[in-house]
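What follows is a short report on a single structure.
The values are calculated or read from the model by the stated rules, or taken from the named source; none is laboratory data. Please read all numbers here as calculations on a predicted model, not as lab measurements. All Cβ positions, glycine included, derive from the backbone under ideal geometry; neighbour counts span all protein chains shown. Just so you know, the surface numbers come from the protein's heavy atoms only, side chains and all, with ligands and any DNA or RNA stripped out. Shrake-Rupley method; radii C 1.70, N 1.55, O 1.52, S 1.80 Å.
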Amino acid sequence: QVLRLELPVKTALSEAEFKVLEDAVNRYFGDEVQALALAWTAPSAVGCNSITGALALGYDGALCTNTCAASRPSAYANSPTARPFTELRMRPSMLLAARSVEQARAMVDRGVASDHTARLLGAPTVQAVFVETNDPARNVRAALYPPPADLRRPAISVRRVNDGPIANSSHVVLVQTGTSQVPWLPSVDWAPGALGDHLTSWGGRLDGKHNHTTVLDWIESGATASHGIVSEPCNHLQKFPHPQWLLLWYVQGATAIEAYWKSVRWPQQSLFVGEPLAAPFAPREP
């Protein structure tokens, strides 16, 4: 189902401008529609809220008086439901954002190409790489990184490494780190359907005004989906993807939009970007 509408082409919508989008979505889509793909790069925010967070949870203007405060919890976080709108009355959304139409098409193509591939007989081992840094404020998520392990079914190697280029890593399906800039992204050997993000304040600020690596850099480097924050969140772990939840849901066969949304407890400021239906670990239907 496709809804076509006109919105101002700018980084952040006002509350009134967002209401036009919200009302159109609510009028057009019925109860059977569980999630949304937003086919643009701007707008990406509503005030201090991300556009994906506002569509799913409703706009929270009070948060903008103190963006470091706790935000609305998501009932979808780490939830087993496969029907979030039917059961929770919220539609997770993901932005199909990229720096060009060509990059956006390539992102979608990577997602389509990834489906079921990690479960094919003889498929190469993929790697999930968790990178620790010397940035105390942004490395806080390292406490949640899973321990190194080699899993056989599906074949995935979980690694923890120190800051810097990811050496000796091939077919990378997941990368997480904590830093303001990730200069080694172009060197990553991404597998189709890969997820990647970094804990920093402005990863979802797509105009790059704060000189932080953004989700668009992850997509440009070859990742299929990413996550970033659109306004100053401080370093609350609840506002960023939980490493173990993200890995667990993805490896169990969730799509990119399901795995990312289920990994964030407070997603009001979270911008989710990528091909939502990428699912390399999903079993092939008979």
**Q.** Members of the stretch 74-115 found to be part of a loop (DSSP other than H, G, I, E, B), without any contact (Cβ under 8 Å) to a residue 60 or more places away in the chain and open to solvent by 20 Å² or more (accessible area, probe 1.4 Å), listed by number
**A.** Ala75, Pro80, Arg83, Arg89, Ser100
**Q.** Subset tally (residues that are within 26 Å of Gly203 (Cα to Cα) and either among the small types (Gly, Ala, Ser) or assigned to a helix (DSSP H, G or I) (or both)) for the stretch 11-33
**A.** 9
Q: Could you tell me whether the stretch 74-83 includes any residue that is of a type in the set (S, T, N, Q), modelled with pLDDT under 95 and farther than 18 Å from Ser231 by Cβ?
A: no
Q. Which one of these is over 24 Å from Thr214 (Cα atoms) and aromatic (Phe, Trp, Tyr): Tyr76, Tyr59?
A. Tyr76
**Q.** Filter result (open to solvent by 10 Å² or more (accessible area, probe 1.4 Å), within 25 Å of Gln268 (Cα to Cα) and touching a residue at least 40 places away in the same chain (Cβ under 8 Å)) within the stretch 172-214
**A.** Thr179, Ser180, Arg205, Leu206, Asp207
Q. Which ones in the stretch 144-158 are surrounded by fewer than 16 Cβ atoms within 10 Å (Cβ to Cβ) and assigned to a strand (DSSP E or B)?
A. Ala149, Asp150, Leu151
Q: With the condition kept exactly as written, say whether any residue in the stretch 119-142 is surrounded by fewer than 20 Cβ atoms within 10 Å (Cβ to Cβ), without any contact (Cβ under 8 Å) to a residue 60 or more places away in the chain and among the basic types (Lys, Arg).
A: no
Q | Those residues of the stretch 222-247 which are outside any helix (DSSP H, G or I), crowded, with 20+ Cβ neighbours inside 10 Å and of a type in the set (A, V, I, L, M, F, W, C), in sequence order | A | Ala223, Ala225, Ile229, Val230, Phe240
Q: Determine which single condition Ala167 fails, assuming it passes every other condition in (1) of a type in the set (Gly, Ala, Ser); (2) at negative phi; (3) open to solvent by less than 50 Å² (accessible area, probe 1.4 Å).
A: (3)
Q: Name every residue in the stretch 1-40 that is farther than 20 Å from Leu277 by Cα, open to solvent by 60 Å² or more (accessible area, probe 1.4 Å) and aliphatic (A, V, I, L, M), in order of residue number.
A: Leu5, Val9, Ala16, Val20
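Going by what's in this entry, would Met94 be described as at pLDDT 95 or above and closer than 18 Å to Gly196 by Cα? Walk me through it before giving the result.
On the way: at pLDDT 95 or above: yes; closer than 18 Å to Gly196 by Cα: yes.
Spelling it out, Met94 is indeed at pLDDT 95 or above and closer than 18 Å to Gly196 by Cα.
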Q: Taking Asn211 as meeting all but one of (1) modelled with pLDDT under 95; (2) under 19 Å from Met90 (Cα atoms); (3) polar (S, T, N, Q), write down the number of the exception.
A: (2)
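So that you can scan it fast, the table gives a plain yes or no per residue for (1) of a type in the set (Asp, Glu); (2) in a loop (DSSP other than H, G, I, E, B):
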site: Leu195; (1), (2): no, no
site: His210; (1), (2): no, yes
site: Glu220; (1), (2): yes, no
site: Tyr250; (1), (2): no, no
site: Tyr260; (1), (2): no, no
site: Val264; (1), (2): no, yes
site: Pro267; (1), (2): no, yes
site: Ala279; (1), (2): no, yes
